[in-house]
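Here is the structure we will look at.
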Amino acid sequence: MNDKSLPKHIAIIMDGNGRWATMRGESRSYGHFKGTEAVDEAIQGCLSKNIPFLTLYAFSTENNKRPEDEVNNLMKLAVDAVNDNIDRLNENKVKVNVIGNLETMVPEVVEKYKWCMKETENNDKLTLTLAFNYSSRDEITRATKKITQDVINNKITSDDINEELISKYLDTNNLPDPDMIIRTGGEKRLSNFLLWQASYAELYVTDTLWPDFKKENLLVAIDDFMNRERRFGLVTNKNFKDEK
Ligand code: IPE
Ligand code: IPE
Ligand code: MG
């Protein structure tokens with residue numbers, strides 16, 4: 001039994017760029033470049049199914065600890081990818097949103113993302129959220145500080161703190177929770193991605209490496225999602241009858 005409804009929000013851990021490149025005797029940075037090209041495939045997949053929210057894990061706070069050259073290259077790539085894709089994003093009516101720690105993000109990237117968000121703010125077909133310099137524990141820590149500050153400043157009281165309020169203080173406050181988390185590259189872990197928001201997300205792991213992940217692969221993942229039974233902790237009619 002399943003409800004056959006489409007996911008409203010898909011989040012993807014875009015993993016495997018480095019392995020994709022190493023297998024071909026190329027630099028990891030080349031793999032990251034090919035990874036930026038694959039983003040359009042996921043966008044087209046969502047647009048073809050009228051899925052309104054797509055979130056992509058592009059760079060974790062932990063990724064800052066990679067070799068300096070790789071990190072610098074990823075920062076440059078983030079800026080270049082916006083420049084190269086801004087027209088296509090607007091043609092496709094994609095609105096860009098960014099989550100992550102802006103305070104510790106490279107200023108050039110912050111500037112470019114702010115520009116991109118402004119340029120695309122009136123688009124209404126798909127909200128594309130880039131998780132950049134993002135980690136879930138960092139996000140929850142920042143949210144906790146903001147909540148504490150608002151209690152101290154008497155804007156809210158501790159009695160106001162509930163799940164809904166906490167969600168509003170997270171970077172994702174304007175997004176619904178993801179229905180499905182896809183991870184490419186085969187690793188079966190969340191790597192500090194949307195830990196709060198993914199409470200009831202369906203997980204889908206594929207060995208396909210991110211640069212090889214095409215629109216068709218996304219459509220297969222969506223089909224898989226639609227054949228799942230989401231119970232949210234409840235019992236189904238079918239299971240209930242068995243008890244009698
Ligand atoms: C994902 O690909 C992109 C980032 C983390 C920036 P990786 O660079 O982690 O690729 P693998 O996992 O080493 O293959
Ligand atoms: C997760 O991939 C982060 C992104 C895809 C941006 P990693 O390659 O950093 O994750 P681990 O190290 O395998 O957990
Ligand atoms: Mg990886």
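Grab the Cα-Cα distance for Leu190 and Glu121, subtract it from 0.36 nm times how many residues apart they are, and report the gain in nm with one decimal.
Answer, rounded to one decimal: 21.9 nm.
Of Ala81, Tyr30, Ile10, which is farthest along the charge dipole of the chain in the positive direction, counting Lys and Arg as +1 and Asp and Glu as -1 at C-beta?
Going by the Cα projections, it comes out as Ile10.
Measuring from label point to label point, each 7 Å out along Cα→Cβ, what is the Glu229 to Lys145 span in nm?
For the pair Glu229/Lys145, the computed spacing is 4.5 nm.
Show that you can apply the helix-only estimate: for the chain, add -39,500 (n - 2.57) for every DSSP H stretch of four or more residues, divide by all residues, and state [θ] at 222 nm to the nearest 500.
-14000 deg cm²/dmol
Could you put Thr61, Thr55, Thr104 in order, starting from the residue whose Cβ has the fewest other Cβ atoms within 10 Å?
Sorted ascending by nearby Cβ count, the order is Thr104, Thr61, Thr55.
To the nearest 20 Debye, how big is the dipole of the chain about its Cα centre, given +1 on the beta carbon of each Lys and Arg and -1 on that of each Asp and Glu?
400 debye
Hey, fewest Cβ within 10 Å first, where do Ile182, Ile161 land in order?
The fewest-first ordering by Cβ neighbours comes to Ile161, Ile182.
Provide the packing ranking of 169-181, 77-89, i.e. peptides ordered by the mean count of other C-beta atoms within 10 Å per residue, highest first.
Ranked from most to least packed, the peptides come out as 169-181, 77-89.
Kindly provide the pair-distance distribution of segment 7-135 built from C-alpha pairs, with 10 Å bins from 0 and whole-percent values in order of increasing distance.
Here the calculated profile for segment 7-135 is 12, 45, 34, 8, 0.
Dividing the Cα radius of gyration by the Kirkwood radius, what Rg/Rh value follows for segment 34-102?
0.99
Take Thr236, project a point 7 Å from its Cα along the Cβ direction, then tell me which residues of segment 1-34 have their backbone nitrogen under 20 Å from it.
Output list for this probe position: 1-8.
Taking the beta-carbon count within 10 Å as an exposure proxy, list Tyr113, Tyr30 from fewest neighbours to most.
So the ranking, lowest neighbour count to highest, is Tyr30, Tyr113.
Expressed in nm², what is the orientationally averaged projection area of the convex hull enclosing the Cα positions of the chain?
15.8 nm²
If the cut-off is 29 Å between C-alpha atoms, which lysines fall inside it for Lys155, apart from same-chain ones fewer than 8 positions away?
Here the lysines satisfying the reach criterion relative to Lys155 are Lys114, Lys145, Lys146, Lys168.
How high is the relative contact order of the chain, in percent, counting Cα pairs under 8 Å that sit 6 or more residues apart?
Reported relative contact order: 31 percent.
Can you tell me how much longer the chain between Asp69 and Asn83 gets when fully stretched, taken as 0.36 nm per residue apart minus their C-alpha distance, in nm with one decimal?
Full extension of this stretch gives 2.9 nm more.
Rg(Cα) of segment 106-244 divided by 2.2 N^0.38 Å?
For segment 106-244, the normalised Cα radius of gyration comes out at 1.33.
Label Met23 and Lys49 with points 7 Å out from Cα along Cα→Cβ: what is the distance between them in nm?
2.3 nm
A short reminder: the numbers here are calculations on the coordinates, not readings from a lab. None of these values were measured; they are calculated from a predicted model. Backbone-built Cβ (ideal geometry, glycine too); neighbour counts: all protein chains shown.
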